[in-house]
Amino acid sequence: MMYQIKDLQLSLPDMTRKPLLGAAPRIEILRGLTFDVPQGAVLGIVGGSGSGKSTLGRAMLRLLEPTGGSITFNGQDITHLAEDDLRPMRAQMQMIFQDPMSSLNPRRRVGGIIAGPLHVQGHEGIGAKVLEALDMVGLPRSFANRYPHELSGGQRQRVGIARAIALRPEFILADEIVSGLDVSSQAQVLNLLQELVRELGLTLAFISHDMSVIRRLCDRTLVLYRGEIVEQGPTAALFANPQAAYTRDLLDAIPLPDPDQVWA
């Protein structure tokens, strides 16, 4: 297994209710989550706003430290691993962020953005690896000299993907990365992810609120509601026979392909 999550719990301080003296009360965000991510799988993590899906993703990468339970990555317990011990493992677990305009440094050229993690990990031949990453995401090599504001939304998201794959990680977490794109750009990015999963042997966790995107990309799906797993399993089976009422509500929200069917 790439990931084994057992009874994962996470609470955060509620800064809106912080008293003048003492610690702020804590809000439970994740409540006893247990699931596995097999190597080579594409796991969909789906739920509405406030379900805890982005918090779960950050906990899996240890950008947030759990308050209970355990996270095992490639056989190693990383639940409370110190940052110095985590740093060598960071190359194997990368993230693609939802908003490339906020996650890409506007003052750096695309080549420098992609090269950043390679420098941090002490790689050699960085220039060639940057160009290879651009090739793999379907962007011209000349884009290495452009700035993020000179690119379209879909192109910026490809830069984010290139930065993530430049290190050749084993695991990538993609957090709502197509939600801000038009339908055509969404399809192109999803096709690209499918190709990269096959070519690089990636394990991918894909966070989304859109069940139609999950159905297209993911072979397993985990449904979150208010920080708890209400259903999980193979995507095809979950779509064919949802067991939880909340899952059925999410499926009912998928737009019909033909608007005329609304009135049928």
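What follows draws every value from the coordinates through simple rules; no lab data is involved. Keep in mind that what you see is a predicted model, and the values were worked out from it rather than measured. Positions of Cβ are backbone-derived with ideal geometry, glycine not excepted, and every protein chain shown enters the neighbour counts.
Kirkwood radius for the chain, taken over all pairs of different Cα atoms as the inverse mean of 1/r, rounds to 19.6 Å. Taking a ≥ b ≥ c as the square roots of the eigenvalues of the Cα gyration tensor, an a/c ratio of 1.5 or more together with a/b no larger than b/c marks region 141-196 as oblate.
Note on ILE27/ALA244: beta-carbon distance plugged into 1/(1 + (r/R0)^6) with R0 of 30 Å gives a FRET efficiency of 0.80.
In plain terms, the residue of ASP84, ASP99, ASP135 with the fewest other Cβ atoms within 10 Å comes first and the most crowded comes last, giving ASP84, ASP135, ASP99. Where a ≥ b ≥ c are the square roots of the eigenvalues of the C-alpha gyration tensor, would you call region 146-245 rounded, which needs a/c under 1.5, or, failing that, prolate if a/b is larger than b/c, or oblate? Prolate, since a/c reaches 1.5 and a/b exceeds b/c. Calculated mean residue ellipticity, 222 nm, the chain: -9500 deg cm²/dmol, from DSSP H runs (n ≥ 4) at -39500 (n - 2.57) each, averaged per residue and rounded to 500. For region 67-138, list log₁₀ I(q)/I(0) at each q in 0.17, 0.19, 0.21, 0.25 Å⁻¹, using the Debye formula over Cα point scatterers of equal strength and ignoring solvent, two decimals each. Rounded to two decimals, the profile gives -0.83, -0.95, -1.05, -1.20. Say R0 is 45 Å: what FRET efficiency, to the nearest 0.05, do GLU195 and ARG226 get from their beta-carbon distance? Calculated transfer efficiency: 0.80.
Footprinting exposure proxy ranking of THR235, THR72, fewest other C-beta atoms within 10 angstrom first, gives THR72, THR235. On a per residue basis, the convex hull of the C-alpha atoms belonging to region 1-125 measures out at 169 Å³. At the listed q of 0.15, 0.21 Å⁻¹, the Debye profile of region 36-189, built from one uniform point per Cα, gives log10 I(q)/I(0) equal to -0.86, -1.43. For region 97-212, the relative contact order is 31 percent, taking Cα pairs closer than 8 Å that sit 6 or more residues apart in sequence and dividing their mean separation by the residue count.
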